[in-house]
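Engineer: First the structure, then my questions, so here it is.
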Amino acid sequence: MPIILKELANFCNARIEGGDPSATIQSAAEITSAHQGQVTQLTNSRYSQYIKDSTASACFIAEGFGIENVPEGIALLVCPDPELSFIKAVELLHPTRTYDRQIAPQAVLEDNVTLGIELYIGPYAVIGKDSSLGDGCEIHAGAYIGNNVKIGKNSRIYPYAVIYDDVIVGDNVIIHSGAIIGADGFGYKFRNNQHIKVPQVGNVVIEDNVEIGANTCIDRGALGSTSIGEGSKIDNLVQIGHNNKVGKHVIMCGLTGVSGSCNIEDYAILAGSSGIADHVTIGSGAVIMARSGVAGDVKPGTQVFGSPAKDKKTAYKEQIAISKLPELLKRVKMLEEKIQILEKDS
């Protein structure tokens with residue numbers, strides 16, 4: 001949605017320095033590719049080199065951010081938090097696609113479904129019996145909602161996501177395509193040379209303002225609930241096992257796997273490809289760094305790395321020591337040869 005630069009600055013609480021306040025801004029772009037009619041951001045000095053040759057019409061920067069060689073044609077949008085201001089600009093310039101509030105004739109609604117107002121239900125979506133959808137929900141084409149599912153207001157379920165029976169979804173939740181919510185947990189007992197399946201009769205509870213990425217799987221509890229706390233954000237291709245308790249505002253990056261019955265406390269961060277063993281507690285604000293394997297509890301506010309994961313500083317020292325092993329082995333071999341010569345001469 002095009003907008004005059006002066007209006008964009010007012011909307012984003014920014015002050016214009018230089019450039020043309022009457023210029024029309026058509027879209028947003030990265031600093032490395034932005035051109036005339038686009039707005040960009042510069043928040044890291046490593047990217048300052050790109051500003052001198054940029055043809056962007058405007059650039060968000062922070063108060064006091066040192067910058068040189070700014071072309072005359074670029075207006076600087078000075079603000080307290082350029083990243084948040086840029087997000088507001090992107091949302092304004094690139095609004096989310098809207099859908100007419102309707103229920104497609106190809107949609108399947110089973111018995112005793114409760115519907116709020118202003119809904120969109122796409123073609124071939126299935127809503128199971130005794131389920132309810134809050135006001136403003138979007139259920140996109142081909143999504144499957146099981147029986148006795150409760151979805152809050154303004155939540156969006158993208159195409160081909162699957163929500164099993166008895167799942168509870170809060171307000172303003174986004175579930176992306178291919179996500180599976182509420183499948184059976186992976187529970188078996190080995191008896192008489194065979195794996196006996198443990199019944200999985202719990203559910204999944206997702207609180208408000210959660211976003212779940214594409215092809216992520218969250219298993220139902222064996223008896224109780226697997227729960228995802230308010231404001232948590234889960235990336236694509238994440239596996240969350242049964243009976244896990246994920247706190248508020250947790251970040252889980254792609255390819256993370258969490259075994260059963262873990263407790264991931266508020267504001268924890270699980271970086272990409274991290275793996276968590278079962279019955280582990282990750283403390284509030286802890287950071288599990290990428291490709292780490294966690295087999296024991298992690299204290300609040302700590303950062304761990306490696307497999308098995310340990311304190312980041314310790315793990316880095318070990319990595320440095322390992323990198324020196326080839327040279328150390330050469331020196332040991334040389335010393336052995338010298339010792340052998342000395343022994344022959346003695």
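Engineer: Select from the stretch 207-230 the residues that are outside any loop (DSSP other than H, G, I, E, B) and of a type in the set (Ser, Thr, Tyr) and write down the one among them that is nearest to Asn148 (Cα to Cα).
Structural biologist: Residues of the stretch 207-230 that are outside any loop (DSSP other than H, G, I, E, B), as a first pass: 211-212, 217-219, 225-228.
Those left that are additionally of a type in the set (Ser, Thr, Tyr): 225-227.
Working: Ser225: 15, Thr226: 16, Ser227: 17 Å.
Only one residue fits best here, namely Ser225.
Engineer: A follow-up question, please. Select, from Ile251, Ile234, Ile228, Ile240, the only residue that is closer than 20 Å to Val198 by Cα, at pLDDT 95 or above and either small (Gly, Ala, Ser) or within 14 Å of the chain's Cα centre (by Cα) (or both).
Structural biologist: On the way: Ile251 fails: closer than 20 Å to Val198 by Cα; Ile234 fails: closer than 20 Å to Val198 by Cα; Ile228 fails: closer than 20 Å to Val198 by Cα.
Just a single option satisfies the conditions, and that option is Ile240.
Engineer: Just give me the residues in the stretch 150-206 being among the basic types (Lys, Arg) and within 21 Å of Tyr99 (Cα to Cα), in sequence order. Step through it out loud before you land on a result.
Structural biologist: Keep residues of the stretch 150-206 that are among the basic types (Lys, Arg), which gives 150, 153, 156, 189, 191, 197.
Scanning the stretch 150-206 gives Lys153, Arg156.
Engineer: Kindly provide the set of residues from the stretch 1-47 that are in a loop (DSSP other than H, G, I, E, B) and of a type in the set (S, T, N, Q), ordered by number.
Structural biologist: The first filter runs over the stretch 1-47 and keeps only residues in a loop (DSSP other than H, G, I, E, B), leaving 1-2, 12-14, 18-23, 26, 29-37, 42-44.
Of everything in the stretch 1-47, those that are in a loop (DSSP other than H, G, I, E, B) and of a type in the set (S, T, N, Q) turn out to be Asn13, Ser22, Gln26, Thr32, Ser33, Gln36, Thr43, Asn44.
Engineer: Would a scan of the stretch 255-265 turn up a residue that is more than 14 Å from Ala183 (Cα to Cα), acidic (Asp, Glu) and assigned by TED's automatic domain parsing to the domain that holds Arg156?
Structural biologist: Quick first cut of the stretch 255-265, residues more than 14 Å from Ala183 (Cα to Cα) only: 255-259, 261-265.
Now drop any that are not acidic (Asp, Glu), which leaves 265.
Narrowing further to those that are assigned by TED's automatic domain parsing to the domain that holds Arg156: 265.
Yes - at least one qualifying residue is present in the stretch 255-265.
Engineer: Right, here's the next one. What's the number of the condition Val204 fails, among (1) β-branched (Val, Ile, Thr); (2) assigned to a loop (DSSP other than H, G, I, E, B); (3) under 24 Å from Gly254 (Cβ atoms)?
Structural biologist: Going through the list (1) β-branched (Val, Ile, Thr); (2) assigned to a loop (DSSP other than H, G, I, E, B); (3) under 24 Å from Gly254 (Cβ atoms), Val204 breaks only (2).
Engineer: Name the residues in the stretch 209-221 that are farther than 19 Å from Lys153 by Cβ and surrounded by fewer than 20 Cβ atoms within 10 Å (Cβ to Cβ), would you?
Structural biologist: Here is the first cut: in the stretch 209-221, the ones farther than 19 Å from Lys153 by Cβ are 213-221.
Of everything in the stretch 209-221, those that are farther than 19 Å from Lys153 by Cβ and surrounded by fewer than 20 Cβ atoms within 10 Å (Cβ to Cβ) turn out to be Ala214, Asn215, Cys217.
Engineer: Quick one: is Phe60 buried (at least 22 other Cβ atoms within 10 Å of the Cβ) and touching a Ser or Thr at 6+ places or on another chain (Cβ under 6 Å)?
Structural biologist: Numbers: buried (at least 22 other Cβ atoms within 10 Å of the Cβ): yes; touching a Ser or Thr at 6+ places or on another chain (Cβ under 6 Å): yes.
In short, yes.
Engineer: Still on this structure, please answer the following. What number of residues within the stretch 237-255 satisfy the criterion of being in contact (Cβ under 8 Å) with a residue 24 or more places away in the chain, closer than 18 Å to Ser292 by Cα and either part of a loop (DSSP other than H, G, I, E, B) or touching a His at 6+ places or on another chain (Cβ under 8 Å) (or both)?
Structural biologist: Number of matching residues: 5.
Engineer: If you don't mind, another one. Answer yes or no: is there a residue in the stretch 309-319 that is under 20 Å from Val210 (Cβ atoms) and surrounded by 16 or more Cβ atoms within 10 Å (Cβ to Cβ). Even if it seems obvious, please write down each step before you answer.
Structural biologist: Initial filter on the stretch 309-319 (under 20 Å from Val210 (Cβ atoms)): none.
Among the residues of the stretch 309-319, not one is under 20 Å from Val210 (Cβ atoms) and surrounded by 16 or more Cβ atoms within 10 Å (Cβ to Cβ), which makes the answer no.
Engineer: Then there's this: Out of everything in the stretch 132-143 that is more than 23 Å from the chain's Cα centre (by Cα) and over 11 Å from Asn172 (Cα atoms), what residue ends up being surrounded by the most Cβ atoms within 10 Å (Cβ to Cβ)? I'd like the intermediate steps shown before the answer.
Structural biologist: Taking the stretch 132-143 and keeping what is more than 23 Å from the chain's Cα centre (by Cα), we get 132-136, 141-142.
Narrowing further to those that are over 11 Å from Asn172 (Cα atoms): 132-133, 141-142.
Working: Ser132: 17, Leu133: 25, Ala141: 15, Gly142: 17.
This residue is Leu133.
Engineer: Tell me, which residue of the stretch 289-346 that is part of a loop (DSSP other than H, G, I, E, B) and basic (Lys, Arg) is nearest to Ala277 (Cα to Cα)? Show your work before the answer.
Structural biologist: Quick first cut of the stretch 289-346, residues part of a loop (DSSP other than H, G, I, E, B) only: 289-292, 295-297, 299-302, 306-309, 324, 346.
Filter once more, so that each one left must be basic (Lys, Arg): 291, 299, 324.
Working: Arg291: 13, Lys299: 15, Lys324: 31 Å.
Selected residue: Arg291.
Engineer: What number of residues in the stretch 163-181 are under 19 Å from the mean Cα position of the chain (by Cα) and in a strand (DSSP E or B)? Talk me through it step by step, then tell me what you get.
Structural biologist: Restricting attention to the stretch 163-181, the residues satisfying the condition of being under 19 Å from the mean Cα position of the chain (by Cα) are 169-181.
Add one more test, that the residue is in a strand (DSSP E or B), and what stays is 169, 174-175, 180-181.
Of the residues in the stretch 163-181, 5 are under 19 Å from the mean Cα position of the chain (by Cα) and in a strand (DSSP E or B).
The values are calculated or read from the model by the stated rules, or taken from the named source; none is laboratory data. Here the structure is a predicted model, which means the values were calculated and not measured. Ideal geometry is used to build each Cβ from the backbone, glycine not excepted, and the neighbour counts take in all protein chains shown.
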